[in-house]
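K.L.:
Let me begin by handing over the structure; questions about it come next.
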Amino acid sequence: MDRRNFIRTTGITLTGALISDLIFAKGTGKISQLINFPDKVSGLINNHVVQLSGSKGGELWNYQDLTVRLKNEGSGISIEITAPRVSLSSVTLQWKTPVRKNSAILNDHWERTYGDVSWHKPKDSEILPWYFLEYNGKFASGFGVKTGAKAFCSWEIDSGNLRLALDLRSGGDGVQLGDRILKVAEIVTIKSNLGESAFLTARRFASLMCEKARMPKQPVYGINDWYFTYGNNSEKLIMEHTNMMAPLAEGLSNRPFSVIDAGWFAASPSSPDDTSCWGDNMETSNAKFPDMGKLAGKIRDTGMRPAIWTRPLCGSFKDSKSLLLPLIKGREVNKPVLDPSIPENLERVKGYFKRYREWSYEMVKFDFTSFDIFGKWGFEMLKDGTMSESNWRMNDNSKTNAEIVLNLYQTIREAAGEVYIIGCNTFSHLSAGLFELNRIGDDTSGNEWDRTRKMGVNTLAFRGVQHGTFYAADCDCVGLTVKVPWTKNRQWMELVAKSGTPLFISAQPEAIGMEQKVAIKQSFDLASRNLPVGEPLDWMETAFPTKWKLNDKTELFNWD
């Protein structure tokens, strides 16, 4: 977008410098990609805010038992913390900057997005999880942390300051680190090259934050029953869906997946009314699915690849309370959640994924770990600025929440072996580099187009920069049902198929005629290929871009 259009569409006056011009360390004759050491460091220990004293040129900060060490790594700053004999909830680094009114910023989310990501004016007290980008109509700069951090890291631009908050809690209380040194995170920054678009800068920045994405060997695409069954499924329905869709991928060497979504497992006696998303365990099927191993073989016989959904932290009504997370707001009493800090529970999770391998499933979609652990959705975490309720702890409070979640994800990765993993409701920065695919947005819909437009189009536009740099970015399904206008779904399916990202279709048989079959066949063909990631060309003007660069061609869509 040119300078005039940027001013017109954002209402921002382009004067002054970027944040990066003011707080990047100066190299020899140019600005290097290294942020300065902070001007202030504070901490929250034993529920009291304290100010640390700096020394050694800003590399070492102390307050009694709390020490923060910063190290210049060449491309960024690593952060190490020691805090023996105290309960440590957070550490905040702060840099002085002028009040920002002359640029736009791009936000992100802790886990998946909720149709609320955009380029916009900086807002006081806005929480910016993991990273953000800034753009002044000519150049873009980015501030973030590398993936795999040991804290939940967020940025804030407020009242002439840039802050990086490191949430170090364990459960809802401060972590007890003991004598160990915690390597918390590494700050990385970027500034666009001359003539480089903000989209390409964002792509480079994602690659800088994640050193190596774990990508599937070939593009992933296929079908998923959720958006026309919503958990009311069966082996019979799964096979009808698979048999209907498999011929539409005929002749393609890269074969599609058939994903069995929630609804296959036995309901829990503690929650008998929730038959789709909660079970007593994640390896016992219900009467509508007599043999999950044989079902995988039947799917494979059609030419599709079998995949399955799971919720690994479901606890049993038989479990001892010592194995479960404590009840807090957001956790229902009849839905016991396994404490992921307990080794015995991690062994149970391992067992699930080993069982899916024994059943010969080639991809597993796991869900709800963010909500189940913290009792909040990502947008709720942003709303009140906290990951979870306070005054509760996990069994092991010597590790931060980020460490515990990361260990859970690493456990799943190890147990899955070469089976592909789709993370859903997983923390993005902790999933990157571990899982082949990640659901990057909240649910689309088989019932209402407006929800698909909000969650799907917005997600693909603003999280597509992470495709191939963090993981394969799954923006969720195309729900082809009789309730959603075909004129809209046809465009949505075409966009996803041409975007280079994973395509999954939920095809209600009653909504599929010859016209739909022709379009699905074309979309499967496109989705089976390695295509460049789609670039939203008007993403600075709208949260729901209509103008896209797809495989080097500019194409227009009508979402209204």
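The values are calculated or read from the model by the stated rules, or taken from the named source; none is laboratory data. Here the structure is a predicted model, which means the values were calculated and not measured. Using ideal geometry, Cβ is built from the backbone for each residue, glycine included, and neighbour counts are taken over all protein chains shown.
K.L.:
From the list 386, 426, 452, pick out the single residue that is β-branched (Val, Ile, Thr) and surrounded by fewer than 22 Cβ atoms within 10 Å (Cβ to Cβ).
P.N.:
The unique qualifying residue is 386.
K.L.:
I need every pair where a residue in region 276-296 that is in contact (Cβ under 8 Å) with a residue 40 or more places away in the chain and within 17 Å of residue 226 (Cβ to Cβ) has its Cβ under 8 Å from the Cβ of a residue that is part of a helix (DSSP H, G or I) and of a type outside the set (Gly, Ala, Ser), sequence separation at least 6 or different chains.
P.N.:
Here the result reads 282/352; 288/235; 288/236; 289/235; 289/295; 295/235; 295/238; 295/239, each pair linking region 276-296 to a residue that is part of a helix (DSSP H, G or I) and of a type outside the set (Gly, Ala, Ser).
K.L.:
May I pose another question? Taking residue 156 as meeting all but one of (1) of a type in the set (Asp, Glu); (2) without any contact (Cβ under 8 Å) to a residue 60 or more places away in the chain; (3) farther than 22 Å from residue 370 by Cα; (4) surrounded by fewer than 18 Cβ atoms within 10 Å (Cβ to Cβ), write down the number of the exception.
P.N.:
(4)
K.L.:
While we're looking at this one, here's another question. Just one of (1) at pLDDT 95 or above; (2) out of contact with any Ser or Thr (no Cβ under 8 Å at 6 or more places or on another chain); (3) surrounded by fewer than 22 Cβ atoms within 10 Å (Cβ to Cβ); (4) within 21 Å of residue 428 (Cβ to Cβ) trips up residue 117, so point out which.
P.N.:
(2)
K.L.:
Name the pairs: first residue in region 459-478 and of a type in the set (D, E, K, R), second residue part of a helix (DSSP H, G or I) and surrounded by fewer than 24 Cβ atoms within 10 Å (Cβ to Cβ), Cβ to Cβ under 9 Å, at least 6 apart or on different chains?
P.N.:
Hits for this filter: 476/455.
K.L.:
Which condition does residue 516 not pass, out of (1) under 17 Å from residue 487 (Cβ atoms); (2) surrounded by 15 or more Cβ atoms within 10 Å (Cβ to Cβ); (3) touching a residue at least 60 places away in the same chain (Cβ under 8 Å), if it passes all the others?
P.N.:
(3)
K.L.:
Confirm whether residue 393 is part of a loop (DSSP other than H, G, I, E, B) and in contact (Cβ under 8 Å) with a residue 40 or more places away in the chain.
P.N.:
Against the criterion (part of a loop (DSSP other than H, G, I, E, B) and in contact (Cβ under 8 Å) with a residue 40 or more places away in the chain), residue 393 qualifies.
K.L.:
Right, next: So, residue 180, is that one in contact (Cβ under 8 Å) with a residue 60 or more places away in the chain, touching an Asp or Glu at 6+ places or on another chain (Cβ under 9 Å) and either part of a loop (DSSP other than H, G, I, E, B) or buried (at least 23 other Cβ atoms within 10 Å of the Cβ) (or both) or not?
P.N.:
Taking the combined requirement at face value, the residue does not satisfy it.
K.L.:
Of 380, 436, which residue is within 29 Å of residue 255 (Cα to Cα) and not aliphatic (A, V, I, L, M)?
P.N.:
436
K.L.:
Here's a follow-up. Give me the pairs: first residue in region 43-71 and on the phi > 0 side of the Ramachandran plot, second residue among the hydroxyl-bearing types (Ser, Thr, Tyr), beta-carbon distance under 8 Å, and six or more apart or on different chains, which are they?
P.N.:
Close Cβ pairs (under 8 Å, with a partner that is among the hydroxyl-bearing types (Ser, Thr, Tyr)) amount to 46/87; 47/87; 47/89.
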